[in-house]
Amino acid sequence: MNRIPATGELRRGGSLARNPRSGKSNRVDVLTPSAHHNLEQNFRVFPLHREISPMQQTLILLKPDAVQRRLVGAITGRFESKGLRLAGLKLVHTPRDLAEKHYAVHKGKPFYESLLTFLTSGPTVAMVWEGREAVAVCRNLMGMTDGGKAAPGTIRGDLALSVQNNLVHGSDSPENAAIEIALWFKSEELVKYTITDASWVG
Ligand code: RTP
Ligand code: MG
């Protein structure tokens, strides 16, 4: 039966945090495999890497419903307060060809045309967020695709009810993040800087 892992299981997962090459422990707590499985089953958690945790960039879009519903500040705040670093930000009235490229993987699906109409219907906020495990961290903050099913505490779970109008897009892998960032941003639009609380956030 699925259940939420107990705190002790998180601690016991410490052995998995050992780097097999160096034999040293990572600083992060990790779940035991069974505890992580339970968490994934219960909350559809996007899996984090189990050992070394790379710095990543990810593309986040606040879709036209987020702008129209005046939720840009509230949603951006979720990513910001998590401890991620904002590397790029702009407001785009998405042209059809960009929407087609962005959602090319869904071409032919019943919702494809409606999705393109939605994404091109008004301004979208495009952002690049950076941090440890940024791709999975952002997907977990967003929640499941269907706002009606997304867990409370997630952006979609708290603020969306629809499947299509679910407020936010997030890249689903580091490889797709690189492709999507290149679609939406020129390299000179991404800003490098050191954030002053980085050593506190970890
Ligand atoms: P996203 O790509 O926007 O981050 O969303 P996702 O990974 O959670 O979901 P995905 O399967 O990639 O679907 C892309 C977007 O298409 C719309 N959708 N509509 N009517 C439907 O059945 C349906 N299914 C998906 C949503 O806007 C979804 O975010
Ligand atoms: Mg997707």
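The values are calculated or read from the model by the stated rules, or taken from the named source; none is laboratory data. Since this is a predicted model, take the numbers as computed values, not measurements. Cβ coordinates were reconstructed from backbone atoms using ideal geometry, including for glycine residues, and neighbour counts include every protein chain displayed.
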Seminar exercise, completed: Of the residues in the range 132-148, those that are charged (D, E, K, R) and out of contact with any Gly (no Cβ under 8 Å at 6 or more places or on another chain) number 2
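Results for (1) touching a Leu at 6+ places or on another chain (Cβ under 7 Å); (2) within 14 Å of ligand 1 (Cβ to nearest atom), shown as yes or no for each residue.
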position	(1), (2)
VAL125	yes, yes
ALA136	yes, yes
MET142	no, yes
THR154	yes, yes
ASP158	no, no
SER162	no, yes
SER173	no, yes
Problem set entry | the range 83-120: number of residues that are part of a helix (DSSP H, G or I), within 16 Å of ligand 2 (Cβ to nearest atom) and more than 30 Å from MET55 (Cα to Cα) | 5
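For the range 121-202, which helices (runs of 4 or more DSSP H) that fit wholly inside it have 2 or more residues that are in the same structural domain as GLY73 (by TED's automatic domain parsing) and within 17 Å of the chain's Cα centre (by Cα)? So that I can check it myself, show each step before the final result.
Working: elements: 134-142, 155-159, 174-184, 198-201.
Fully inside the range 121-202 and qualifying: 134-142, 155-159, 174-184.
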Exercise. Among the residues of the range 168-202, how many are basic (Lys, Arg) and either within 30 Å of ARG69 (Cβ to Cβ) or surrounded by 14 or more Cβ atoms within 10 Å (Cβ to Cβ) (or both)?
Worked result: 1
Problem set entry | Candidates SER187, SER171, SER199 - the one that is among the polar types (S, T, N, Q), modelled with pLDDT of 95 or more and more than 14 Å from ligand 2 (Cβ to nearest atom) | SER187
Problem set entry | Test for PHE79: is it at pLDDT below 95 and of a type in the set (Phe, Trp, Tyr) | no
Exercise. How about the range 75-105: which of its residues are away from ligand 1 (no atom under 14 Å from the Cβ) and surrounded by fewer than 15 Cβ atoms within 10 Å (Cβ to Cβ)?
Worked result: GLY77, GLU80, SER81, LYS90, LEU91, VAL92, HIS93, PRO95, ARG96, ASP97
